[in-house]
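Trainee: My questions all concern the structure below.
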């Protein structure tokens with residue numbers, strides 16, 4: 001199977017809102033689309049979202065394809081949770097977004113999360129007993145939620161792929177394509 005067809009027919013949700021780190025949205029999206037997947041940018045409201053570069057400089061805006069209230073994990077084969085500090089902070093304060101993430105992880109479908117993105121996983125109470133990595137300032141939150149934290153470029157735990165920061169994107173993108181191609185994993189205990 002060529003890389004262009006690895007994810008053919010797969011539907012990937014990207015959950016993000018204003019403040020998303022632009023490169024953490026665009027590079028994973030590009031990687032899965034280049035492997036044949038169809039992506040859907042899911043957000044808290046319709047319209048568009050404002051991406052940021054390095055959390056402080058406005059980047060591009062991106063059109064929202066679907067509102068989280070209107071979708072289900074059943075609509076998708078995998079989920080990407082990009083970072084940026086304000087993006088996951090806003091997502092974890094929205095009950096529909098938190099429930100979407102919880103149901104997604106509980107389904108056993110693969111999830112890719114990078115940088116500050118695990119804040120939404122912590123809020124959804126789905127890191128207990130899982131091993132992952134994140135941006136350094138998120139690690140105490142993961143530990144307090146029962147997760148195991150390691151400082152590695154990319155970590156995979158039963159379909160949950162995590163990376164620390166934009167510098168890890170090449171490894172992260174390669175690993176999410178691989179895990180998303182494998183599909184559903186057994187539910188975490």
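Trainee: From the list 97, 174, exactly one residue is touching a residue at least 60 places away in the same chain (Cβ under 8 Å), surrounded by fewer than 20 Cβ atoms within 10 Å (Cβ to Cβ) and within 19 Å of residue 28 (Cβ to Cβ). Which is it?
Mentor: The match here is 174.
Trainee: Here's a check for you: in region 12-38, which residue that is part of a strand (DSSP E or B) and touching a residue at least 40 places away in the same chain (Cβ under 8 Å) is nearest to residue 183 (Cα to Cα)?
Mentor: 12
Trainee: Another question, then. Among the numbered criteria (1) in a loop (DSSP other than H, G, I, E, B); (2) modelled with pLDDT of 95 or more; (3) closer than 24 Å to residue 36 by Cα, which single criterion is violated by residue 185?
Mentor: Result: residue 185 fails condition (2) only.
Trainee: Okay, next question. Do you know which residues across region 78-93 are in contact (Cβ under 8 Å) with a residue 60 or more places away in the chain and either touching a helix residue (DSSP H, G or I) at 6+ places or on another chain (Cβ under 7 Å) or loosely packed, with under 14 Cβ neighbours inside 10 Å (or both)?
Mentor: 78, 79, 80, 81, 82, 83, 84, 89, 91
Trainee: Return yes or no: is residue 9 without any contact (Cβ under 8 Å) to a residue 40 or more places away in the chain, loosely packed, with under 14 Cβ neighbours inside 10 Å and under 20 Å from residue 178 (Cβ atoms)?
Mentor: Here the answer is yes, as residue 9 does meet what is asked.
Trainee: Do any residues in region 55-70 that are assigned to a strand (DSSP E or B) have Cβ atoms under 8 Å from those of residues that are loosely packed, with under 14 Cβ neighbours inside 10 Å, where the two are at least six apart or on different chains, and which pairs are they?
Mentor: Hits for this filter: 63/47; 67/45; 67/46.
Trainee: Residues in region 87-110: is at least one in a strand (DSSP E or B) and touching a strand residue (DSSP E or B) at 6+ places or on another chain (Cβ under 8 Å)?
Mentor: No.
Trainee: I'd like the residue in region 142-158 that is assigned to a loop (DSSP other than H, G, I, E, B) and touching a strand residue (DSSP E or B) at 6+ places or on another chain (Cβ under 7 Å) and, out of all such residues, is farthest from residue 173 (Cα to Cα).
Mentor: The residue in question is 147.
Trainee: Of all the residues that make up region 71-84, how many are within 17 Å of residue 117 (Cβ to Cβ) and not in a strand (DSSP E or B)?
Mentor: Adding up the residues that qualify gives 5.
Trainee: Could you list all residues from region 113-141 that are in a loop (DSSP other than H, G, I, E, B) and touching a helix residue (DSSP H, G or I) at 6+ places or on another chain (Cβ under 9 Å)?
Mentor: 115, 116, 117, 124, 125, 126, 127, 130, 133, 134, 135 - these are the residues of region 113-141 that are in a loop (DSSP other than H, G, I, E, B) and touching a helix residue (DSSP H, G or I) at 6+ places or on another chain (Cβ under 9 Å).
The values are calculated or read from the model by the stated rules, or taken from the named source; none is laboratory data. Bear in mind the structure is a predicted one, so any value in this text is a computation, not a measurement. Neighbour counts are summed over all protein chains in view; Cβ atoms, including those assigned to glycine, are modelled from backbone coordinates with ideal geometry.
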